[in-house]
1. Identify which of A:G208, A:G236, A:G77 has the largest mean-square fluctuation in a Gaussian network model of chain A, with springs joining Cα atoms closer than 10 Å.
2. Calculate the radius of gyration of the Cα atoms of chain B to one decimal place, then report Dmax, the largest Cα-Cα distance, as a whole number, both in Å.
3. Given a cut-off of under 8 Å on Cα pairs at least six residues apart, what relative contact order in percent is computed for chain A?
4. May I ask for the net charge around A:R168, where only other residues with Cβ less than 13 Å from the Cβ of A:R168 are counted and Lys, Arg are +1 while Asp, Glu are -1?
5. In peptide A:143-149, what is the residue-averaged number of other protein chain Cβ atoms found within 10 Å of each Cβ?
6. Specify the inter-centroid distance of region B:188-239 and region B:70-103, based on alpha-carbon positions, in whole Å.
7. Which of A:Y158, A:Y240, A:Y97 moves most in a GNM of chain A, Cα contacts under 10 Å?
8. Once both axes come from the Cα atoms, what is the angle between helix B:138-150 and the longest principal axis of chain B, in degrees from 0 to 90, rounded to 10?
Amino acid sequence: MSRSERLTRMLAPLGIGILLLALWQAAVAIEHVPAYILPGPAAIADSLWRNGPSLLASLWITFRITMAALLAAAGLGLLLAIAIAESRWVEIAVLPYAVALQVTPIVAIAPLIIIWVGSNFFSLLICAWLVAFFPVVANTTLGLKSADHNLRDLFLLYGATRWQRLWRLRLPTALPYFLSGLRISGGLALIGAVVAEFVAGTGGAETGIAFRILEAGYRLEIAKMFAALVLLALTGIAIYGALGWLNHWLLRHWHESVLRREP
Amino acid sequence: MAQPVAPLVTLTGVSKLFEQGTKALDGVDMRLAEGEFASLLGPSGCGKSTLLRIVAGLAEPSAGAIAWLGDRAPARGEIGFVFQEPTLMPWAKVFDNVALPFRLVGAGGGEVAARVEAAIAGVGLAGFEDAYPRQLSGGMRMRVSIARALVTAPRLLLLDEPFAALDEITRFRLNDDLRRLWQERRPTVLFVTHSVYEAVYLSQRVMVMSERPGRIVADMAIDLPAARSADLRTSPAYGEVCRALSRRLAAEVAA
Ligand SMILES: Nc1ncnc2c1ncn2[C@@H]1O[C@H](COP(=O)(O)OP(=O)(O)OP(=O)(O)O)[C@@H](O)[C@H]1O
Ligand SMILES: [Mg+2]
């Protein structure tokens, strides 16, 4: 990519964004839309500035839940995928339940979990984990099963143990699949955490960003609602970006998806 | 031609019927003498790869038997296998790819490193130890694959059309390398190819397989001097042997 092309790539979305914001501001000003229906970007920026510290504190709580759920999804998802790939029996016995959990909407399960576990960090963590779990399992299982047939034969020929086949062949093959599952899960974990907070709907000391959105809605503080949404969206983008970077860094030497042909 | 030495491996009546009903091999009788260089020619899909996999112990014959010299089936690392594709681990450097056979038996250390380095140098890739497969050309990858098959100094070397995807210049060079290596170390070699010229250039003996289901329908000793080089390729004797083999191949495959 040339310098000028890179510049265009940066400037084009930025330009569109600025243009839309300007139109928005103009429309709100000209039409005299009341701030409790649609605040203009300036009002939102102002609210972001004034409520920033307290919103960030709430965001931090949601972020922690998201990260914990993502880590749990990565770890447990990897383990389950290995169990499924290594044993047909596990696949037959467990997979239907994993699929059932995946297709049941989290909003429908969250109240139950909150009743059982109570409205705290762990119930929210479980909800976020439930939605983040499946993509890791599905992708990693596929990856573990995708090892090259000839390489498998080669390992057999040299008498590799099951453990060696897993560690030296199946896991490296599955790494790109695992990472792309993780990228999907990153976004889902955040959604899961937000949905769970909505359902839990608690105030008190430990309030996540989703509750702040609800709260601002009740009070018709629409600008604050938007400010919280902006922070939430930025967090989602940051998680996605960080996982993309991790993917790139881990696969930089060998995987086709991250290699660029030198001109 | 009488077998000069005791056969390393003897196949009698080996057949292979795949589960879904394809009969790939039908009564293959084959003997490989210890230290000989034999080639296997045959039309596509006649079961050459299947036969190689059976000899390597990677597939079970549906009928027939394989007997090894002294009733001793080869141990780990005593068979080297070169697949039609380079079959390298893309996440591992050249060194680690070639060192794989040692790593899998838990061997390491200075002596292993020296052998790996020597094998890499032996295929003309010294200096590329730290490269990833992706950074190599197709011919270089194939040479890595060959180095990996040779690094354990196997008694039996099975090669499945290893040079099929290469250009002629590279193929000729790798032919010469393989032939030199065989003369130095005298492993038993079973070499699958589609090329009559390649088979004649390399081998002491060429076996011809029929259309699927494959059987060995011709077995021809190659009467050419042991020292083979580029000069041989243009000699009338070589041309004559190639012609004779081509005729046999055409006759047998048509029959
Ligand atoms: N795992 C398998 N399951 C079912 N059929 C198979 C399998 N492997 C090979 N076959 C069939 O057996 C036959 C012989 O295959 P094989 O790969 O041994 O041929 P080949 O002589 O090596 O061909 P080529 O020269 O094209 O590589 C083919 O018809 C193929 O379809
Ligand atoms: Mg084949």
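1. A:G236
2. Looking at chain B, its Cα Rg and Dmax stand at 18.2, 56 Å.
3. Values: 285 pairs, mean separation 67.8, N = 263.
Rounded, it is 26 percent for chain A.
4. Details: positive: A:R152, A:R162, A:R165, A:R170, B:R103; negative: A:D148, B:D96.
That sum, taken over residues with Cβ under 13 Å, equals +3.
5. Working: counts 0, 0, 0, 0, 1, 6, 2.
Average per residue, whole number: 1.
6. Between the Cα centres of region B:188-239 and region B:70-103 lies a distance of 25 Å.
7. The residue with the greatest mean-square fluctuation here is A:Y158.
8. On a 0 to 90 degree scale, this one is about 90.
Any read-out appearing in this document is the output of simple, stated calculations on the displayed coordinates, not a laboratory observation. Please read these numbers as outputs of a predicted model, since none were measured by experiment. All Cβ positions, glycine included, derive from the backbone under ideal geometry; neighbour counts span all protein chains shown.
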